[in-house]
Amino acid sequence: MSASEPKIPVVPEGAVPEDAGRGDGEAPKDESVLTVVVAFGANLLIAVAKSIAAAVTGSASMLAEAAHSWADTGNEVFLVIAQRRAAKPADPTHPLGYGREVYVWSLFAAIGLFAVGAGVSVTHGIQELVHPEPAADFGIAYIVLAVSALLEGASFFQASRQAKRAAARLDRDVIDHLLSTSDPTVRAVFFEDAAALVGIAIAFAGIGLHQLTGSATPDAIGSILVGVLLGVVAIVLIDRNRRFLVGESADPDLLDAVLRELLKQEQIARVTELRLEYVGARMLYLTGAVDLVGNPTEDDASHVLASLERRIAANSHIVGALLSLAEPEDVSILPVNETPTDS
């Protein structure tokens, strides 16, 4: 679908094949759940280990990493809640379903990453600069960081594998896909794990320089850098969830593919308006205005429009469709690379 979805058919009879247009090529929902579960398990183990190492060594960078991992662990809980609540079926009070819940809870997770991960890391780093304290038992810190790198690497591998497969189906860059996908789960896990691996490298350097120089300054700077890194990642995730929450339109390529398929329908002479808006991960709501072939009566026109809406909404990725009749003076929308022809 848009800059984010698996290419979808507009009508079930194959009007838009599953791989038509530009979608987000997302993997099945079960794989997103697996990605979150793997990330949760890895982050929980890492958070406990880093907390113990921070208490034993007194390292500012290790404490920042512990805060980072606890924030990530909490975020995975939010992402699991997001998946479960967004999967609730539509009801009379929510006729378009609960799909946007995934963005609400993912937004909470991103804010938590900013407040807990970034806030604690930067604050403690500054305190360590002002009131430096010596660290000890550096070997424990190195061992914990090495094990953390392995566990984070495993989680990152699962998230990147899912993202790469989806991006490859669309012939798109992985980062471009992650920034545009309507599924916030894999985006959050991928960027959080990537930040975690970079953070481990920063912490390793800070602790190493602390040991070599005997000064706590590099360690404190490492803590601040980890916090800044988490802050940047959190802001990116917050912004993407915000944009989907307020209503993001589908990618122009998908809109063009849907337009082409609508124009293939024998009842439609032209299309003057077409909107596809995300109402959840891989979930769209379609509205448009069309001019019907011939000059049907009001009753006939209403039946045709209702039939078209049912066929469109039969697609598993479209939660609803609403078509109206175009005004005679409305300008037709043309597919990309097509020009008006004289009648």
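At the residue level, residue 157 shows approximately 120 square angstrom of accessible surface with a 1.4 angstrom probe and all protein chains present.
Of the whole protein surface, residue 302 contributes about 60 Å² of accessible area at a 1.4 Å probe radius. Rounded to the nearest Hz, the phi-derived 3J(HN,Hα) couplings of segment 198-204 under the Karplus curve 6.51 cos²θ - 1.76 cosθ + 1.60 (θ = phi - 60°) are 5, x, 4, 5, 5, 4, 4, where x marks glycine and proline. Which shape class, rounded, prolate or oblate, goes with the chain when its Cα gyration tensor gives a ≥ b ≥ c as root eigenvalues, a/c under 1.5 marks rounded, and past that a/b bigger than b/c marks prolate? It comes out prolate by the Cα gyration axes. Close Lys pairs in the chain (alpha-carbon distance under 27 Å; sequence gap of 8 or more, or different chains): 6. The relative contact order of segment 136-281, computed from alpha carbon pairs under 8 Å that lie at least 6 residues apart in sequence, is 21 percent.
The apolar share of the surface of the chain, taken as the fraction of accessible area on carbon and sulfur atoms (1.4 Å probe, ligands and nucleic acids excluded), comes to 64 percent. With respect to the chain, whose longest principal axis is taken over its alpha-carbon atoms, helix 217-246 is tilted by about 10°.
Using the 1.4 Å probe convention, the accessible area of the chain works out to 45 Å² per residue with neighbouring protein chains retained. Compared with the direct C-alpha span, the chain from residue 330 to residue 264 gains 21.8 nm at full extension, assuming 0.36 nm per residue. At full extension, residue 297 and residue 213 could sit 21.6 nm farther apart than now, given 0.36 nm per residue minus the alpha carbon distance. Heavy-atom accessible area with a 1.4 Å probe sorts 93, 73, largest first, into 93, 73.
Taking 0.36 nm per residue of sequence separation and removing the Cα-Cα distance, the residue 165/residue 338 pair yields an extension gain of 59.1 nm. Normalised radius of gyration (Cα atoms, divided by 2.2 N^0.38 Å) for segment 244-343: 1.09.
The values are calculated or read from the model by the stated rules, or taken from the named source; none is laboratory data. This is a predicted model, so every value here is computed, not measured. Only protein heavy atoms, including side chains, enter the accessible area calculation; ligands, DNA and RNA are left aside. Shrake-Rupley method; radii C 1.70, N 1.55, O 1.52, S 1.80 Å.
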